Amino acid sequence: MKLIRLPSEFDASYTPARGPALLLSCMDLRFMDEIIMFMDHDGLTNRYDHVTLAGSALGALGGDAKYGPPDKKTKTPATFPCLTGSFFAHLDWAYQLHHIKDVYVIEHRDCGAYGLMLQAEGKFPPAPPADPAADREADVHGRYAGRLQKLIVQWVAHKKAEDAAKYKDLDLGFHSFLMGLRGEVSVLPPVDDEPPSPAPTWGSCSPTATTPEIAVIPPVKRKVKA
């Protein structure tokens, strides 16, 4: 992966945004300033809608049923379809309101949401390996960026079939990046690891949808001296 140094050195290997964009990033408070810097330096100041979901691409996919934490009631791996529904609702509104042309996805290292939603599969060494080919953390983030890109392509086709006149100009570019703990940004090639779903779903945010109950470790109660 080629490195994009902030703020003076940039990787020009990807096509820049063609117009207004939708940015998807994680909710992690450590990276907010660096994300704004990156978007500003990519020529997108005040030209993007910003959606934040825990886990970024993984969150927009609603997790992964293969690795999800056990649901307390069903004992099966938990997923979060409401997150998927929320992301695609915002994607739809961003197109309708601001005629977005591109989707930017910024993943980041040391993502706690990956550990929560993927358990051991989403936990990585504190420092990336010297050999980029052995960087499992980047590979895992690329996997979910690739799956989200594929789902967005299917969503665009679905919307055009649903209402050709309303969505006639819907054509979205896709760019994914991985941010390091010091704010450095690398282009994150999406990994194509599975065939497109013949019957894709875009989540559900209906009032009747339930959120899986996940077993979590209770916080430690600290005694406060009077």
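Note on LYS159: aspartates and glutamates with a C-alpha under 12 Å away, same-chain residues under 8 apart excluded, are ASP92, ASP169, ASP171.
Here the Karplus curve 6.51 cos²θ - 1.76 cosθ + 1.60, taken at θ = phi - 60°, turns the phi angles of the range 51-57 into couplings of 10, 10, 9, 4, x, 6, 4 Hz, with x standing for Gly and Pro. Run the quick spin-label model on ASP192 and ALA127: label points 7 Å from Cα toward the beta carbon, then report their separation in nm to one decimal. Reported label-point gap for ASP192 and ALA127 is 3.6 nm. Under 5 Å from the amide H of HIS108 lie the amide H atoms of MET179, each residue being 5 or more positions distant or on a separate chain, with H modelled from the backbone and absent for Pro and chain starts. With R₀ set to 30 Å, the beta-carbon distance separating ASP40 from GLU162 gives a calculated FRET efficiency near 0.30.
Shape annotation for the range 80-125: C-alpha extents along the principal axes are 41, 21, 11 Å, from largest to smallest. Projecting label points 7 angstrom from Cα along Cα→Cβ for HIS50 and CYS82 puts them 2.4 nm apart. Contact order for the range 18-187, expressed relative to its length and based on alpha carbon pairs under 8 Å spaced 6+ residues apart, stands at 27 percent. Taking every C-alpha pair closer than 8 Å and separated by at least 6 residues, the mean separation divided by the residue count of the range 56-116 gives a relative contact order of 33 percent. Using 0.36 nm per residue and subtracting the Cα-Cα separation, the extra length available between GLU184 and LYS75 on full extension is 35.3 nm.
Evaluated with a Cβ-only charge set (Lys, Arg +1; Asp, Glu -1), the range 18-187 carries a dipole of roughly 600 debye about its Cα centre, given to the nearest 20.
Pairs over the 20 Å Cα-Cα cut-off, from the set LYS72/LYS150; LYS75/LYS150; LYS75/LYS123; LYS101/LYS160: LYS72/LYS150; LYS75/LYS150; LYS75/LYS123. Amide H contacts under 5 Å for PHE174: VAL103, restricted to partners 5 or more places along the chain or on a different chain, H placed in the peptide plane at 1.01 Å from N.
How long are the semi-axes of the equivalent ellipsoid of the range 18-187, defined as square roots of 5 times the Cα gyration tensor eigenvalues? Whole Å, largest first.
Semi-axis lengths for the range 18-187 are 27, 21, 13 Å.
Summing charges over neighbours of ASP163, with a neighbour being any other residue whose Cβ is under 14 Å away from its Cβ, gives +1 when K and R count +1 and D and E count -1. Loop-located trypsin sites (Lys or Arg not before Pro) in the range 106-190 (DSSP state other than H, G, I, E, B) with a sparse environment of at most 15 neighbouring Cβ atoms within 10 Å: LYS123, LYS166, LYS168, ARG182.
All of the numbers you see were taken from the coordinates with simple rules; none came from a lab. In this text the structure is predicted, and so the values were computed from the model without any measurement. Cβ coordinates were reconstructed from backbone atoms using ideal geometry, including for glycine residues, and neighbour counts include every protein chain displayed.
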